[in-house]
Every structure is written in C-alpha cells, then in structure tokens.
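The values are calculated or read from the model by the stated rules, or taken from the named source; none is laboratory data. Since the model is a prediction, treat every value here as computed from it, not as a measurement. All Cβ positions, glycine included, derive from the backbone under ideal geometry; neighbour counts span all protein chains shown.
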C-alpha cells in the first residue's frame, strides 16, 4: 500500500552515545523521505559526537569511537539535515520520547533555527503498543512477517519502521491513512516541549508534567515560586525545555 500524503514525511532513526537526551549525542542518523507520489529517498550518515560513545551503546548499535573519529560533527551537517526535513512531517519508532527530543537538542547546540513544532509527528511504537505491545523486531515479524536483520543499525530500523506503519494501516480498520490522524493517535500527551516536561491541560494552558509543581500552570508557578525558573535553567534539563519556559516567562512579562 501507499501512504496518503499531503506533503512528504521523513522516517528517521538515531543511534547515539547513550540515552540521556540532554548529555548524549548522535553518532548515526538515517532518514527515509516518502514523497506524496510514493517516491522514496534514503540518506544515512555517521556523525562524530565529539564525546565518547558508551560501551553499552556500542554493544547495542555496534558503532565505536574509532568508527566515527573522522566523520563530520552534527554542527557540520545540521543545516543540510534541517533543509532535508524542511516542510516534511516526521515519523519514527519511539521518536516522540527520544529521537525528536534528541534531534531538537542537537539543532539547538548547532545553533540552527528550526521550528520542529511545525511538523506532525507519527510514533509507530505508540501505535504498536496501543495495539499489540511489543518491540520493533516483534512488530516487524508480526506485521510484515519478516525478520529484522541488522537490528539497531539506523537504516535497518528506519526502513522497518516505515514498512510496519504501512502494515498497521492495512491491518487496523480504525487507523486512518492520514498523517494528522496518525500523529494525534500516536501522541502520549499534548506536549509543549519535546521531552514532555511541559504539557497542555484541558484548558490549553502550559502546565508542568514533573516535580513538585506537576499539574500546575507554568505562569502560576512563576508567580508563586520565583526561584523555580532559575533552578531549571541551572539544572540538567533539555535545552528545548528551557527555551519553551523562557518564551512563556517573556510572554507573561510582555503582556
């Protein structure tokens, strides 16, 4: 089957130095762009993360420090990646929780101004977990009746994710072949930032989704706990989360 697209969608997967969105870095990125006419484009590149790759991470994806020492840094390729995904929706496997927040952090570190919130996000893992609750390898076997060779290589995982989504749409009658529907269906929360630290409540107000002020609006917290904003800025939170909170604080200040 072919996805019904109003604009291109890019399936992507990241291999990284570890699983900490704030401190770890990308070592490989694979992107598969699907055009509305069904044409597919593939782009995969290794990245020098400029920090050591953990042994645990290498044991999973097989990429060592030696493998990437002569590769470009993310800053070197950030503008090209931003241009490649410009005007496209994004899809991945566990992408809402990890890949998109990680990609947003890397763009900010590279000082590339890209507003990922303009994109729709489809997380194939969320659809899978809502329907069946298993891993990507199991999803690939379950939906496509194929064994996932070279699991945890970015390209293999990316292509498998694309094939799984198409199979999911064919299998489940309540899934619409529409990116906006799939984006909403595969979202856990109505996130304001990519890490889900700030979400919208039922009144479309930004509220904290963690810590002692969980469930309280950001504006109210900034009024009653003046030091909370400064604590977040000095602490180990994603850059994009800090950027969102700064925008809210400035909005209140200017109103």
If you go through 53, 9, the only one that is in contact (Cβ under 8 Å) with a residue 60 or more places away in the chain and surrounded by 21 or more Cβ atoms within 10 Å (Cβ to Cβ) is 9
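Yes or no, residue by residue, for (1) farther than 29 Å from residue 93 by Cβ; (2) free of Cβ contacts under 8 Å to residues at least 40 places away in the same chain; (3) out of contact with any helix residue (DSSP H, G or I) (no Cβ under 6 Å at 6 or more places or on another chain); (4) in a helix (DSSP H, G or I):
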| residue | (1), (2), (3), (4) |
| --- | --- |
| 194 | no, no, no, no |
| 207 | no, yes, yes, no |
| 210 | no, yes, yes, no |
| 215 | yes, yes, yes, no |
| 233 | yes, yes, no, yes |
Per the filter on the range 35-52, residues closer than 11 Å to residue 73 by Cα and either in contact with a strand residue (DSSP E or B) (Cβ under 7 Å, 6 or more places away or on another chain) or part of a strand (DSSP E or B) (or both) are 45, 46, 47, 48, 49, 50
Across (1) assigned by TED's automatic domain parsing to the domain that holds residue 58; (2) surrounded by fewer than 19 Cβ atoms within 10 Å (Cβ to Cβ); (3) not in a helix (DSSP H, G or I), residue 170 clears everything bar (3)
Apart from one, (1) assigned to a loop (DSSP other than H, G, I, E, B); (2) within 22 Å of residue 104 (Cβ to Cβ) all hold for residue 246; the odd one out is (1)
Of 136, 103, 108, 148, the only residue that is touching a strand residue (DSSP E or B) at 6+ places or on another chain (Cβ under 8 Å) and either at negative phi or surrounded by 14 or more Cβ atoms within 10 Å (Cβ to Cβ) (or both) is 103
If you check residue 126 against the conditions, is it crowded, with 21+ Cβ neighbours inside 10 Å, in contact (Cβ under 8 Å) with a residue 40 or more places away in the chain and assigned by TED's automatic domain parsing to the domain that holds residue 22? no
